[in-house]
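For reference, the structure discussed in these notes is given below.
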Amino acid sequence: MNMIKFSHYYRKFNGLRIDKPVTLLETWLTELESFSEDFLKYDTLYYENDTEKYYPLKDGKYILLFFMDCEGRLFTTIRRFTPKKLEYYDNLVGKKFKVVIQEEI
């Protein structure tokens, strides 16, 4: 099964069924500057020792991935653009992914 890896358990996962496969619904190529500050906070917020932290993103092109859990709830993730990554994700639209969270210990 395809895997989508995350470096942290993000707040956006609260209430989602990421313990079951999720479906990639769509990809969207865009510039970081096109996201609102509120969206970036939603997408990148995680907690470390009860402290709010945000995954840092550098200026440039990104791929926004839209996923749906097994109960029909949506979530997104932002991935740095490379032509190879875009082709990879575009070819997997409609496919299932296992969510893997690889927090550093």
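Coordinate-derived values only; no laboratory data. All figures in this text were calculated on a predicted structure; none of them were measured in a lab. Every residue, glycine as well, gets a Cβ built from its backbone with ideal geometry; the counts of neighbours run over all protein chains shown.
Flag set for F39, criterion: part of a helix (DSSP H, G or I) and either in contact with a Ser or Thr (Cβ under 8 Å, 6 or more places away or on another chain) or not charged (D, E, K, R) (or both). Taking the criterion of being surrounded by fewer than 15 Cβ atoms within 10 Å (Cβ to Cβ), within 23 Å of F81 (Cα to Cα) and either touching a Leu at 6+ places or on another chain (Cβ under 8 Å) or of a type in the set (D, E, K, R) (or both), the residues of segment 27-48 that qualify are W28, L29, T30, E31, E33, E37, D38, K41. Within segment 55-79, the residues that satisfy the criterion of being within 25 Å of K20 (Cα to Cα) and part of a strand (DSSP E or B) are I63, L64, L65, F66, F67, M68, L74, F75, T76, T77, I78, R79.
Residues of segment 46-86 that are under 12 Å from the mean Cα position of the chain (by Cα) and more than 20 Å from L24 (Cα to Cα): Y55 alone.
Of the residues screened, L57 is one that is without any contact (Cβ under 8 Å) to a residue 40 or more places away in the chain and within 18 Å of K5 (Cβ to Cβ).
Looking at this structure, is Y89 more than 15 Å from W28 (Cβ to Cβ) and surrounded by 15 or more Cβ atoms within 10 Å (Cβ to Cβ)? No, not satisfied. Close contacts from segment 22-43, counting a first residue that is closer than 19 Å to M1 by Cβ and a second that is part of a helix (DSSP H, G or I), with Cβ to Cβ under 6 Å and a gap of 6+ residues or different chains, come to T27/Y89; T27/D90. Within segment 96-105, the residues that satisfy the criterion of being surrounded by fewer than 13 Cβ atoms within 10 Å (Cβ to Cβ) and either touching a residue at least 24 places away in the same chain (Cβ under 8 Å) or in a helix (DSSP H, G or I) (or both) are V100, Q102, E103, E104. Candidates are the residues of segment 1-19 that are polar (S, T, N, Q) and in a loop (DSSP other than H, G, I, E, B); the one that is surrounded by the most Cβ atoms within 10 Å (Cβ to Cβ) is S7.
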